[in-house]
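Reviewing the structure listed below.
The values are calculated or read from the model by the stated rules, or taken from the named source; none is laboratory data. Just so you know, these numbers come straight off a predicted model, no measurement behind them. No Cβ is skipped: glycine too gets one built from the backbone with ideal geometry, and neighbour counts run over all protein chains shown.
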Amino acid sequence: IKGRYGTYFAAYDDALRNKLLREQAITNGMESALARGQFEIYLQPKYRIKDDSLAGAEALVRWNHPQWGMQSPAEFIPLFEKSGFITKLDQFVWDRACAVVQSWDEKGYPPISVSVNVSRADIYNADIADILVKTVRKYRLPPSRLHLEITESAYTENPKQIIDTVGRLRELGFVIEMDDFGSGYSSLNMLNQMPLDILKLDMKFIQVETAKPVNQGILRFIMGLARWMNLSVVAEGVETRDQLVRLREIGCDYVQGYYFARPMPCTKFETLLRERGLA
Ligand code: C2E
Ligand code: CA
Ligand code: CA
Ligand code: CA
């Protein structure tokens with residue numbers, strides 16, 4: 001028995017050790033990765049549900065690691081949030097997103113917007129409004145071309161400060177989306193005080209609620225609430241036709257998900273824009 005547990009713990013130790021080593025490698029490598037141009041943005045299209053037209057894109061960061069290949073952010077973003085590096089990386093992503101929007105404008109494509117993720121650390125950065133304004137100005141874009149996705153859980157920590165900062169960004173003309181709505185933090189009472197334009201329904205929420213056989217009471221309730229508050233609604237993580245049909249039935253405005261397209265390199269998205277956007 002002793003031996004068996006011994007093996008078990010040794011294997012556990014190894015796994016834990018490898019995880020820690022990998023995390024350390026990520027944290028040690030992040031600054032030079034940025035300097036060496038290993039980060040890149042992918043774009044995932046958002047569509048208007050009423051006529052299937054292309055409405056915009058979400059910029060999602062990827063790390064093209066020389067040894068590990070293309071890394072998805074699920075692992076490294078939480079580490080960057082811990083270390084504070086996320087604010088630097090996010091500024092890089094905002095810059096790239098604006099650069100790509102400007103290049104489309106120059107080519108005469110229809111003016112779609114791009115959504116970027118704003119991490120909670122960014123909101124506590126006193127310079128965030130200045131940085132964002134400088135970024136859109138650098139590319140001669142109105143702030144409304146940039147949508148800021150702020151995760152629902154960020155709103156609960158220090159509501160007063162978040163409301164002030166986000167309110168200022170909204171007054172400057174940026175479009176504010178509450179990301180991951182329904183993942184469990186915001187109270188309905190707080191929602192009422194939030195400076196917001198768009199509710200972005202959490203993927204899990206969509207998947208659970210659209211799987212229910214008949215009434216979809218909660219989804220309908222949220223749509224009603226959004227209408228009453230003058231908010232548009234985006235559903236993310238739409239993977240099936242059935243989900244799309246149900247979302248259309250309840251009057252959801254925009255959809256994003258693997259059913260339509262996975263996040264893709266900017267060049268590939270441009271092809272889509274050329275084909276779909278002009279239709
Ligand atoms: P998120 O902001 O909620 O982004 C949506 C995630 O769902 C993306 O994962 C996207 O690729 C994935 N997704 C889209 N459609 C579907 C679908 O139909 N099914 C499923 N199962 N997944 C779908 P990704 O790119 O791995 O990003 C994960 C998270 O990392 C993001 O979640 C966001 O919180 C964070 N993140 C990504 N890029 C950035 C960034 O530039 N800055 C910050 N601060 N966070 C970022
Ligand atoms: Ca997002
Ligand atoms: Ca989300
Ligand atoms: Ca998220």
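Inspect region 78-87 for any residue being over 29 Å from D127 (Cβ atoms) and either outside any helix (DSSP H, G or I) or not charged (D, E, K, R) (or both) and give the result as yes or no.
No: region 78-87 contains no residue that is over 29 Å from D127 (Cβ atoms) and either outside any helix (DSSP H, G or I) or not charged (D, E, K, R) (or both).
So which of V136, V93 is at pLDDT 95 or above, closer than 24 Å to G37 by Cβ and within 16 Å of ligand 2 (Cβ to nearest atom)?
On the way: V136 fails: within 16 Å of ligand 2 (Cβ to nearest atom).
From the options V136, V93, the qualifying one is V93.
Considering only region 180-194, I want to know if a residue exists there that is charged (D, E, K, R), within 18 Å of the chain's Cα centre (by Cα) and within 22 Å of C252 (Cα to Cα).
For region 180-194, residues charged (D, E, K, R), within 18 Å of the chain's Cα centre (by Cα) and within 22 Å of C252 (Cα to Cα): present.
Name the residues in region 126-167 that are out of contact with any strand residue (DSSP E or B) (no Cβ under 9 Å at 6 or more places or on another chain) and not in a helix (DSSP H, G or I), would you?
Result: A126, D127, Y139, R140, L141, P142, N158.
Working only within region 168-193, note down all residues that are farther than 15 Å from E157 by Cβ and in a loop (DSSP other than H, G, I, E, B).
L172, G173, F174, G182, N192
Identify the residue in region 97-118 that is in contact (Cβ under 8 Å) with a residue 60 or more places away in the chain and within 13 Å of ligand 1 (Cβ to nearest atom) and, among all such residues, is farthest from D180 (Cα to Cα).
Within region 97-118, the match that is farthest from D180 (Cα to Cα) is V114.
Scan region 228-235 and give yes if some residue there is outside any loop (DSSP other than H, G, I, E, B), within 16 Å of ligand 4 (Cβ to nearest atom) and either surrounded by 15 or more Cβ atoms within 10 Å (Cβ to Cβ) or under 17 Å from the mean Cα position of the chain (by Cα) (or both), otherwise no.
yes
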